[in-house]
Amino acid sequence: MADHSHGSPDSAGTVAKPGQGGVQKFQDPGLPPHRPRLADTDPRAEKRAERQVGVLFLVSVLGTLLFFFGYFFIPLDQTIGTLRLQNLLLGLGTAFSMLGIGVGIVHWAKTLMPDHEIAEDRHEIRPEADRADAEKIVGDILEESGIKRRPLIRNTLLGAGILAIFPAIAIFRDLGPLPGDVLRHTMWDEGVRLTRDPSGTPIKASDVTIGSAFHVIPEGLNESEHKLEEKAKAVVLLMRLNPESLNPSPGREDWGYDGIVAYSKICTHVGCPVALYEQQTHHLLCPCHQSTFDLTQECKVIFGPAARPLPQLPISVDEEGYLVATSDFQEPVGPSYWERG
């Protein structure tokens, strides 16, 4: 009867495998012979590889310095040219910083670190010796990496690694105020006129006809020291409807003027500009992710991923008939964030 059992090792260390003529035994081939690299046999090649790794780590250092230069020394004069230059330097600096470290470590491992294969027998777990074993493993790693006897690699790696942390800190710092309430307030305040974007021309109530839509900024924004930051929070859409079409909630009956209402242009999903107004349905649409807001229901979300209505800016008219804000927004504009209630 034929033997259909799986192969198994015998006492001599061979592997038994069924075959047509009976059981065949294969000797364990062991590990393949080690093929030394050029850096293993030629001291000049070893030194050259060490210098190459050091240069790659220095590239990382220069990339980080380039990031710092773009971040701290490019004057933001609110023009597209300087913004593009800063973004270019930040991107290139970050790329070279990360690439230098990554490629340097890979080149170090492939040319200088030991590459011979080893096999270790399993041993019983000895809790009392775990710490000593861990210390030995760490020591072996440091010894095999050669970091102790290669000061050029060690010093350039430390410099590149330490400097690479700071761009991340700078970027995280820009994610929001810690602490502070900068995101909660805009340039809008009582008596601030509504003006056309981007000219800054004040808008009279008589200029706004039913069905029209104006892109609005607060008066004085163009002269602000931080124009782009303030505009990102304060931009508004201004529309006029038949007053009978509006359904203000209690306490908000006087937030508009004769059917004229103003809402934040910043989508409450991820902050894209809500730039499309459909006159017939009175819907505002964010073209990025299709969030749709109903103007007749205080910009309630009727479609899309946005979770909150657009904040409304309370408005009125001054003695000259110009539209003015009566206060700032009553809630933070834009998407949700960690401090928003």
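Data table
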quantity	calculated
Counted residues, the range 93-119 - those being open to solvent by 70 Å² or more (accessible area, probe 1.4 Å) and part of a helix (DSSP H, G or I)	6
Residues that are crowded, with 19+ Cβ neighbours inside 10 Å and among the β-branched types (Val, Ile, Thr), drawn from the range 309-319	315
Residue that is most open to solvent (accessible area, probe 1.4 Å) [pool: residues in the range 52-92 that are of a type in the set (Phe, Trp, Tyr) and part of a helix (DSSP H, G or I)]	72
Subset of the range 36-51 [charged (D, E, K, R) and either more than 44 Å from the chain's Cα centre (by Cα) or at positive phi (or both)]	42
Single unsatisfied condition, residue 306 versus (1) surrounded by fewer than 21 Cβ atoms within 10 Å (Cβ to Cβ); (2) in a loop (DSSP other than H, G, I, E, B); (3) of a type in the set (A, V, I, L, M, F, W, C)	(1)
Number of the exception - residue 40 against (1) surrounded by 14 or more Cβ atoms within 10 Å (Cβ to Cβ); (2) of a type outside the set (A, V, I, L, M, F, W, C); (3) touching a residue at least 40 places away in the same chain (Cβ under 8 Å)	(3)
Top-ranked residue of the range 269-301 - restricted to ones that are of a type in the set (Val, Ile, Thr) and surrounded by 15 or more Cβ atoms within 10 Å (Cβ to Cβ), ranked as modelled with the lowest pLDDT	270
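The values are calculated or read from the model by the stated rules, or taken from the named source; none is laboratory data. All figures in this text were calculated on a predicted structure; none of them were measured in a lab. FYI the Cβ positions are ideal-geometry reconstructions off the backbone, even for glycines, and counts take in every protein chain you see. For accessibility, only protein heavy atoms count, side chains too; no ligands or nucleic acids. Shrake-Rupley method; radii C 1.70, N 1.55, O 1.52, S 1.80 Å.
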